[in-house]
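Take a look at the structure below.
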Amino acid sequence: MQPALLRVFERADGRLSLWLRDVPGPSGEAWSVDRTGRHARRLGRAQGRCAVDDSWAAGGVPWSSGMLREYLDTPDAASADIEWHLLHDRELWETPLMRRHFGGALREDVLRLCDERYDLVELGERLPQTLCHHDAWPRNFLEEADRTVGIDWAFAGSGWIGADIGNYVSDTALDLLRPAEELPALDRTVYESYCAGLRDGGWDGDPAAVRLGMCVMAAKWTWLVPVMLKRAAQDFRHTVYGSRNVDADRLYGERAEVFRMLTSWAREARELARQVFGRRSAAPTTPSACPSP
């Protein structure tokens, strides 16, 4: 659910400002792994209902579509620093900061992820659709009593099953909101809880499609690679969301762990695609069956 709308203000430039009811509960960055699992089940329940009954899409709301492709197509969608041609600049990969944290096999895996980003998007676009938030990260969700309240719905619209939880899990450590060491447990718990929620909501589709939808969201964060390359080569004041100054080694170290997960998701997505879309099947590296609640 979202906070109650108290009033709408029209600005001189034509934009609208919304006055929303305050939600006093903690946001996702303060939640434990188990607590995040409860949120994932609620999200799955809601998106399961929207996948079964798509009447929401026929209303007058201008829902978005094709968000991830548009996000990657727009140079300044996430950062004005995005210069894709920097990906294959060998000198930038050899700066001390990148060499310490993104060397060896991880470098090659990250480059492959970046080069195949649109292939992953194409897989997601073939999956079952539901109503997605499209900016699902810990600071956009709050808990009040036994409910999850979402804010910042500007990008909401049609998206595939599993997209929002893929975004949520991957975006917990990129800005140092939660430690990257939590990612394996968070990945497992959120996936399993979301699957249970989908069943609660009446969706009984292929569980492998859910996992694939989650894994292809690895493509979203490829924009960050050329940005990190460029900033690692400069005398740059490293910040995270909200302009908080952070130690460069800590930031790049945590992001390296996130990208280890993302590149493993990309490998898993390649295998799951064979299973989901009817080609020769190969066993995924993590569970592809929704467990019983």
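Within the set of other residues whose C-beta is less than 10 Å from the C-beta of residue 42, count the net charge using Lys and Arg as +1 and Asp and Glu as -1.
Around residue 42, the charge tally is +1.
Considering only protein heavy atoms, what per residue accessible area in square angstrom results for the stretch 39-166 with a 1.4 angstrom probe?
48 Å²
What figure, in Å² to the nearest 10, do you get for the accessible area of residue 33 with a 1.4 Å probe and non-protein molecules left out?
30 Å²
How high is the relative contact order of the chain, in percent, counting Cα pairs under 8 Å that sit 6 or more residues apart?
Relative contact order here is 27 percent.
Which value, in Å to one decimal place, does the Kirkwood hydrodynamic radius take for the stretch 134-256 when every pair of different Cα atoms is included?
Details: mean 1/r = 0.0620 Å⁻¹.
Its Kirkwood hydrodynamic radius stands at 16.1 Å.
Per residue of the stretch 258-265, what does 6.51 cos²θ - 1.76 cosθ + 1.60 with θ = phi - 60° give for ³J(HN,Hα)? Whole Hz please, x for Gly and Pro, Karplus curve as stated.
4, 5, 4, 5, 5, 5, 5, 4
Taking all protein chains together and a probe of 1.4 Å, list 181, 108, 143 from the most accessible to the least accessible.
From most exposed to least exposed: 181, 108, 143.
Consider the candidate values (i) 145; (ii) 250; (iii) 184; state which one is volume of the Cα convex hull per residue in Å³ computed from the structure displayed.
Computing volume of the Cα convex hull per residue in Å³ and matching it to (i) 145; (ii) 250; (iii) 184 gives (i).
What span do the alpha-carbon atoms of the stretch 227-272 cover on each of the three principal axes, reported in whole Å from largest to smallest?
41, 21, 16
Which ³J(HN,Hα) values, rounded to whole Hz and listed in residue order, are derived for the stretch 101-113 from phi using the Karplus coefficients 6.51, -1.76 and 1.60 in 6.51 cos²θ - 1.76 cosθ + 1.60 with θ = phi - 60°, glycine and proline given as x?
Working through the residues one at a time gives 10, 10, x, x, 5, 4, 4, 5, 5, 5, 4, 5, 4 Hz.
Where Lys and Arg each count +1 and Asp and Glu each count -1, what net charge lies around residue 182 among other residues with Cβ under 15 Å from its Cβ?
Result for the local shell: -3.
Over every pair of different alpha-carbon atoms in the stretch 38-137, take the mean of 1/r and invert it; report that Kirkwood radius in Å.
On the way: mean 1/r = 0.0593 Å⁻¹.
The answer is 16.9 Å.
Please list 110, 276 in order of solvent-accessible area, largest first, computed with a 1.4 Å probe with all protein chains present.
276, 110
Work through the residues other than residue 105 whose Cβ is under 11 Å from its Cβ and net out their charges, Lys, Arg +1 and Asp, Glu -1.
In short, +1.
Would you list 82, 165 from the most to the least accessible area, probe 1.4 Å?
The ordering from most to least exposed comes out as 82, 165.
On the protein heavy atoms, probe 1.4 angstrom, tell me the percent of accessible surface of the stretch 39-132 carried by carbon and sulfur.
Working: 2550 of 5120 Å².
Its accessible area is 50 percent carbon and sulfur atoms.
The values are calculated or read from the model by the stated rules, or taken from the named source; none is laboratory data. This is a predicted model, so every value here is computed, not measured. Backbone-built Cβ (ideal geometry, glycine too); neighbour counts: all protein chains shown. Side chains are part of the model used for accessible areas, which takes the heavy atoms of the whole protein and leaves out ligands, DNA and RNA. Shrake-Rupley method; radii C 1.70, N 1.55, O 1.52, S 1.80 Å.
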